[in-house]
Amino acid sequence: MTAIVVLGSTHMDLVTRVARAPKPGETVTGRDFRTVPGGKGANQAIAAARAGGEVSMIGAVGSDGFGTLLRQTLAASGVDTDLLHTAAGPSGIAGVVVDAEGANSIVVIPGANGTVTSLGPGEEALIAGADSLLLQLELPLSAVLDGASAARRHGVRTILTPAPAQPLPPGLLAVTDLLVPNEHEAAALTGIADPHRAAEALLRQVPEVVITLGAAGSLHASRDSPPFAVPAPPVTAVDTTGAGDTFTGALAVALGEEKPIERALHWAAAAAALCVQRPGASTSMPYRPEIDNAS
């Protein structure tokens, strides 16, 4: 079984569904409201565990009720939470607005995630025993760099999702093996809107890139092979929240199982397509048999 460590965020998603998102200064009436466990780190951990990985989570939840629910949700999906710490104070939250087309906009309040500034006792050893380390940018960047550096020291594949898009600390891309931005994040990192040209630019900093393109699929680029695109399965999206994290978690499992990269990307795309057909983030992520059947 593929061993995956996720160093990342946990949030309680406060999800409001609306016919359309409000414009600045406008009030609209929503259709419904739900609380859904999420956070990019927790989402990737749950996605990878449901896809068949042996997953451990490093991060922090708050000492509030949300923290208890977040920990329980991870454990229920088979994620090891021994190194998911409890910090005094509130857990992170994300305010999510989902429109009738399934598109979302999100505001994140870090909460307990902001206390994770570096690796703690036992965490480098956990990373050293993994096949892959999954990272995002919802923790302090010092912790992300610390984790990536530890993975590099031990020859562990580092997969970085550069979201939310922001300036990166010097050296982070130098210790990243696979970068998985969406097209907007790729443009923010490079200043180049065209995904193919952005991928070329990113290959000067990392050896391998997968740019996710939503309903258009994904683009793979590597220093060792020509770029190629992988289409997404045609589906009707209900809620795109968590789709990128589902893709990345499933991709990490596929790579750990040594699937050829094109096959791994098709398999990850099938997982993401299943996710967007259901409401919610962590609650919408598919299990291994579903992914195998869809791919």
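Using the structure shown, decide if Pro289 is more than 25 Å from Ala94 (Cβ to Cβ) and of a type outside the set (Asp, Glu).
yes
Which of (1) over 30 Å from Lys23 (Cβ atoms); (2) of a type in the set (A, V, I, L, M, F, W, C); (3) surrounded by 18 or more Cβ atoms within 10 Å (Cβ to Cβ); (4) free of Cβ contacts under 8 Å to residues at least 60 places away in the same chain does Ala88 not meet, given it meets every other one?
So Ala88 meets the others, but not (3).
Within region 262-270, can one find any residue that is modelled with pLDDT of 95 or more and part of a strand (DSSP E or B)? Talk me through it step by step, then tell me what you get.
Let us first name the residues in region 262-270 that are modelled with pLDDT of 95 or more, namely 262-270.
Pick out the ones that are also part of a strand (DSSP E or B) and you get none.
No, there is no match, as no residue in region 262-270 is modelled with pLDDT of 95 or more and part of a strand (DSSP E or B).
If you check Leu213, Leu251, Leu265, Leu189, which single one turns out to be under 20 Å from Gln44 (Cβ atoms) and either in contact with a Lys or Arg (Cβ under 6 Å, 6 or more places away or on another chain) or surrounded by fewer than 19 Cβ atoms within 10 Å (Cβ to Cβ) (or both)?
Numbers: Leu251 fails: either in contact with a Lys or Arg (Cβ under 6 Å, 6 or more places away or on another chain) or surrounded by fewer than 19 Cβ atoms within 10 Å (Cβ to Cβ) (or both); Leu265 fails: either in contact with a Lys or Arg (Cβ under 6 Å, 6 or more places away or on another chain) or surrounded by fewer than 19 Cβ atoms within 10 Å (Cβ to Cβ) (or both); Leu189 fails: either in contact with a Lys or Arg (Cβ under 6 Å, 6 or more places away or on another chain) or surrounded by fewer than 19 Cβ atoms within 10 Å (Cβ to Cβ) (or both).
Leu213 is the lone residue from the list that is under 20 Å from Gln44 (Cβ atoms) and either in contact with a Lys or Arg (Cβ under 6 Å, 6 or more places away or on another chain) or surrounded by fewer than 19 Cβ atoms within 10 Å (Cβ to Cβ) (or both).
Listed here are the residues, each with its yes/no results for (1) more than 24 Å from Gly147 (Cα to Cα); (2) touching a Lys or Arg at 6+ places or on another chain (Cβ under 7 Å); (3) touching a residue at least 12 places away in the same chain (Cβ under 8 Å); (4) of a type in the set (Val, Ile, Thr).
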{"residue": "Glu54", "(1), (2), (3), (4)": "no, no, yes, no"}
{"residue": "Ala60", "(1), (2), (3), (4)": "no, no, yes, no"}
{"residue": "Asp64", "(1), (2), (3), (4)": "yes, no, yes, no"}
{"residue": "Gln72", "(1), (2), (3), (4)": "yes, no, no, no"}
{"residue": "Ala76", "(1), (2), (3), (4)": "yes, no, no, no"}
{"residue": "Asp82", "(1), (2), (3), (4)": "no, no, yes, no"}
{"residue": "Ile93", "(1), (2), (3), (4)": "no, no, yes, yes"}
{"residue": "Val96", "(1), (2), (3), (4)": "yes, no, yes, yes"}
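In region 126-142, which residues are surrounded by fewer than 24 Cβ atoms within 10 Å (Cβ to Cβ) and closer than 20 Å to Gly92 by Cα?
Scanning region 126-142 gives Leu137, Pro140, Leu141, Ser142.
Residues in region 274-284 that are over 15 Å from the mean Cα position of the chain (by Cα) and either crowded, with 22+ Cβ neighbours inside 10 Å or aliphatic (A, V, I, L, M) (or both): how many? If you could, list the steps in order and put the result at the bottom.
Of region 274-284, the ones over 15 Å from the mean Cα position of the chain (by Cα) are 274, 277-279.
Narrowing the set further to residues that are either crowded, with 22+ Cβ neighbours inside 10 Å or aliphatic (A, V, I, L, M) (or both) leaves 274.
Final tally of qualifying residues: 1.
Where in region 177-258 are there strands (runs of 3 or more DSSP E), lying fully within it, with 2 or more residues that are under 21 Å from Ser132 (Cα atoms)?
Output list reads 208-212, 218-222.
Output the residues belonging to region 30-42 that are at pLDDT 95 or above and either closer than 19 Å to Val276 by Cβ or of a type in the set (Ser, Thr, Tyr) (or both).
Of everything in region 30-42, just one residue is at pLDDT 95 or above and either closer than 19 Å to Val276 by Cβ or of a type in the set (Ser, Thr, Tyr) (or both), namely Ala42.
Sort through Thr212, Thr240 and tell me the only one that's modelled with pLDDT of 95 or more and under 28 Å from Leu70 (Cα atoms).
Being modelled with pLDDT of 95 or more and under 28 Å from Leu70 (Cα atoms) holds for just one of Thr212, Thr240, which is Thr212.
Quick check on this structure: which one of Leu119, Leu168 is in contact with a helix residue (DSSP H, G or I) (Cβ under 6 Å, 6 or more places away or on another chain), assigned to a loop (DSSP other than H, G, I, E, B) and farther than 22 Å from Pro260 by Cα?
Leu119
Test each condition in (1) free of Cβ contacts under 8 Å to residues at least 40 places away in the same chain; (2) within 29 Å of Val18 (Cβ to Cβ); (3) within 20 Å of the chain's Cα centre (by Cα) for Pro234 and report the one that comes out false.
Pro234 satisfies every listed condition except (3).
Just the residues that are under 18 Å from the mean Cα position of the chain (by Cα), assigned to a loop (DSSP other than H, G, I, E, B) and within 19 Å of Gln136 (Cα to Cα), please, taken from region 72-116.
Answer for region 72-116, where residues must be under 18 Å from the mean Cα position of the chain (by Cα), assigned to a loop (DSSP other than H, G, I, E, B) and within 19 Å of Gln136 (Cα to Cα): Val79, Thr81, Pro110, Val116.
Working only within region 8-61, note down all residues that are out of contact with any helix residue (DSSP H, G or I) (no Cβ under 9 Å at 6 or more places or on another chain), part of a loop (DSSP other than H, G, I, E, B) and of a type outside the set (Gly, Ala, Ser).
Listed by number, the residues that qualify are Val18, Arg20, Pro22, Lys23, Pro24, Glu26, Thr27, Val28, Thr29, Arg31.
Tally time: how many residues in region 37-64 are under 16 Å from Gly92 (Cα atoms), within 16 Å of the chain's Cα centre (by Cα) and of a type in the set (Val, Ile, Thr)?
1
The values are calculated or read from the model by the stated rules, or taken from the named source; none is laboratory data. All of these numbers come straight from a predicted model, not from anything done at the bench. Positions of Cβ are backbone-derived with ideal geometry, glycine not excepted, and every protein chain shown enters the neighbour counts.
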